[in-house]
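Novice: The structure's right below; bear with me while I get my questions together.
The values are calculated or read from the model by the stated rules, or taken from the named source; none is laboratory data. Keep in mind the model is a prediction, meaning the values are calculated, not measured. Glycine also receives a Cβ, built like all others from the backbone with ideal geometry; neighbour counts cover every protein chain displayed.
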């Protein structure tokens, strides 16, 4: 199966047959908001490689001569910052020679942008596997997956860097069953930093609370990656990621796996995942070695493991994908993952324990971001002491349609809440937030505070948990 079977056309992609000296583009593997990935043929070494192109579609487009053209001169600073980060990431990845990390062969600048050539990896991402498999991974398979993955992450940590975006779509499972941790998406994070768009940098459910703010007291470190890895394992076992960390700051409804005890999983594994997903960084394992010890696994010597892999008789299912499922990406390059940054990064003021408990300052830094969590709508987040409002449909009629999403918003004493023109009688919980259980539809939400009115329009078209702050 080719990498681009049933692949939707990627706008602005270079045409098949385009040459970079010895490299000839054959087809497009995939594309995201910040890059395009091609399958290419190396005519000198006679092998297939992959080429990733820096292509931020919101900032630039393809010109007639196939070079990139800025959509506006005001994007020059953002484009250049992303380009420099893309090149620095290529240099960083080229330093590593670990079979569990994306291997960069070379990089170059051309067409007004930059490219990196990498090994071409077969297989599918964990996200693609989850979308095509009706059953969760067995613990035996997880225990084969983790040691080489631990080794890859530990290699990054020992070099003084963090990945900052470990998630299901950032882990590729090759046909020989070995995992590959994908690229860091440095350009995406740099553009997100400069444009103050945190939502393009983080994956809700996988990012710990310290990644949401640089204004408070809590250094990021290996424990930051360990939280994300715990979220990956939680998703593989339960089918859903854990609650978003900023929502957990308001009301922590995380259900420990040791209490749920899903069938087929040992207590050491479940306990380790619960520890990894602790809200306070100091409560998590502080290193990959410590996390591996909790699961009673080694940090693998991957070279030794390579020789044992062919005996594995339970490959991931790669055939007969349901039509609705996206095609597995064959090249281990993610187009939108935050960058690796030094552990000794520029001074940050990490999240204080008070913020972790009350979510005050940290949430104010990100509360304007609409956070959508893919959750089971049969169990929305409860808010003790707060009312759940039904949807006003007219001045004379009130109905309570099936709840699709839960919306949290901060409401001070004396504030009035108006939904679609009708005042609601809601109470604020002890955490300072009111909650609304809403069906699908469009809503105009207003908070009347003194003589001021703060408004926000919200469209709900999928299950989730939303955190909003109208106009404040």
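Novice: Within region 76-119, can you find the residues that are surrounded by fewer than 18 Cβ atoms within 10 Å (Cβ to Cβ) and in a helix (DSSP H, G or I)?
Specialist: 76, 77, 80, 81, 84, 88, 91, 94, 95
Novice: Taking the condition of being in a strand (DSSP E or B) and surrounded by fewer than 21 Cβ atoms within 10 Å (Cβ to Cβ), how many residues in region 40-61 meet it? I'd like the intermediate steps shown before the answer.
Specialist: Our first condition is that a residue be in a strand (DSSP E or B); within region 40-61, this holds for 40-42, 47-54, 60-61.
Among the residues that remain, those that are also surrounded by fewer than 21 Cβ atoms within 10 Å (Cβ to Cβ) are: 41-42, 47-49, 61.
Selection size over region 40-61: 6.
Novice: Something else: Which number in (1) crowded, with 20+ Cβ neighbours inside 10 Å; (2) touching a helix residue (DSSP H, G or I) at 6+ places or on another chain (Cβ under 8 Å); (3) within 30 Å of residue 144 (Cβ to Cβ) marks the one condition that residue 37 misses?
Specialist: That leaves (2) as the condition not met.
Novice: Scan region 129-145 for residues that are out of contact with any strand residue (DSSP E or B) (no Cβ under 9 Å at 6 or more places or on another chain) and part of a helix (DSSP H, G or I) and jot them down. Lay out the reasoning, then the answer.
Specialist: Taking region 129-145 as the starting set, the residues that turn out to be out of contact with any strand residue (DSSP E or B) (no Cβ under 9 Å at 6 or more places or on another chain) are 130-131, 133-144.
Passing the criteria: 130, 131, 139, 140, 141, 142, 143, 144.
Novice: State whether the residues of region 3-25 include one that is without any contact (Cβ under 8 Å) to a residue 24 or more places away in the chain, assigned to a strand (DSSP E or B) and out of contact with any helix residue (DSSP H, G or I) (no Cβ under 9 Å at 6 or more places or on another chain).
Specialist: yes
Novice: Just to be sure before I move on: is residue 113 more than 25 Å from residue 291 (Cβ to Cβ) and at pLDDT 95 or above in the structure I sent?
Specialist: Spelling it out, residue 113 is indeed more than 25 Å from residue 291 (Cβ to Cβ) and at pLDDT 95 or above.
Novice: Against the condition in contact with a strand residue (DSSP E or B) (Cβ under 9 Å, 6 or more places away or on another chain), modelled with pLDDT of 90 or more, closer than 30 Å to residue 95 by Cα and buried (at least 19 other Cβ atoms within 10 Å of the Cβ), how does residue 182 come out, does it pass?
Specialist: no
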